[in-house]
Amino acid sequence: MRFHPVRVGGCHLVLVALVILVSGCADTHASGRGTSTAASDIQRLAVKAIASPTLTRATTEASPQSSCSATVAQTIRTFVDAFNQGDHDQLMALFPSQAVSQPGVVKPGEERVFTRYGVSHLENGGPVGEIAAYSRTDLMPYLATRHDHHEQWNLLNIDVLGRSWTGGYDFTLKLSRQADDLPMRTVLAKGAADCRAGTIFVWSMGDDSTS
């Protein structure tokens, strides 16, 4: 008995060449015919095995890290769309209702609640603070005002950096913004989002040197 390993699609098939010895049969002609038939069947099975190999394929599943990165990126896109449309209900849903007990200080158990939303830009060579909100209640009127000024954002790129000490996922991004009272400019932003809740709890945006 001889074994001939053949590699097909990353798997080995073993073709077995059998030499069938038939003895002790009363009908020599019949046994000869049976041997021929058996050999022919083996050949057909070998050819079928090569033509239609059964392969085991490993299923690749997205890791929790990559899944959360995609979720955070989508949360940011949803925020940009809601901002441009002035969608108050969607904007409310994208920021945590609970705020930190003390602005600027995150205590144990307060990670991933609304921490800060800050925006600034440069005017006459110096930074001008537009807003520093520490609760969703303070943020919503500002977003409504920006919509009244027809401000529009164009998202240019997003980089989700991964999980941070806050328990959320840090990100950076670049976008262009333009409004009736604001010439078009490219700005940078950074912040943190809660993957599971689909909310943003830190947002800091400004011109290149103020974000």
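Computed quantities for the displayed model
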quantity: Test result for Val105, in the same structural domain as Val187 (by TED's automatic domain parsing), hydrophobic (A, V, I, L, M, F, W, C) and under 16 Å from Gln178 (Cβ atoms); calculated: no
quantity: Leu161 in contact (Cβ under 8 Å) with a residue 60 or more places away in the chain, under 28 Å from Ser67 (Cα atoms) and under 20 Å from the mean Cα position of the chain (by Cα); calculated: no
quantity: The range 146-177, subset part of a strand (DSSP E or B) and among the charged types (D, E, K, R), residue modelled with the lowest pLDDT; calculated: Arg163
quantity: Hits in the range 190-211 - residues which are farther than 13 Å from Val72 by Cβ and part of a strand (DSSP E or B); calculated: Ser204, Met205, Gly206
quantity: Filtered residues of the range 74-112 (kept if aliphatic (A, V, I, L, M) and buried (at least 18 other Cβ atoms within 10 Å of the Cβ)); calculated: Ile76, Ala82, Leu91, Leu94, Ala99, Val100, Val106
quantity: Test: residue in the range 116-130 that is over 16 Å from Ile200 (Cα atoms), out of contact with any Lys or Arg (no Cβ under 6 Å at 6 or more places or on another chain), free of Cβ contacts under 8 Å to residues at least 40 places away in the same chain and surrounded by 12 or more Cβ atoms within 10 Å (Cβ to Cβ); calculated: yes
quantity: Checklist (1) in a loop (DSSP other than H, G, I, E, B); (2) under 19 Å from Phe79 (Cβ atoms) applied to Gly109, failing item; calculated: (2)
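The values are calculated or read from the model by the stated rules, or taken from the named source; none is laboratory data. The structure presented is a predicted model; accordingly, all values stated were derived computationally and were not measured. In this analysis, Cβ positions are derived from the backbone assuming ideal geometry, glycine residues included, and neighbour counts consider all displayed protein chains.
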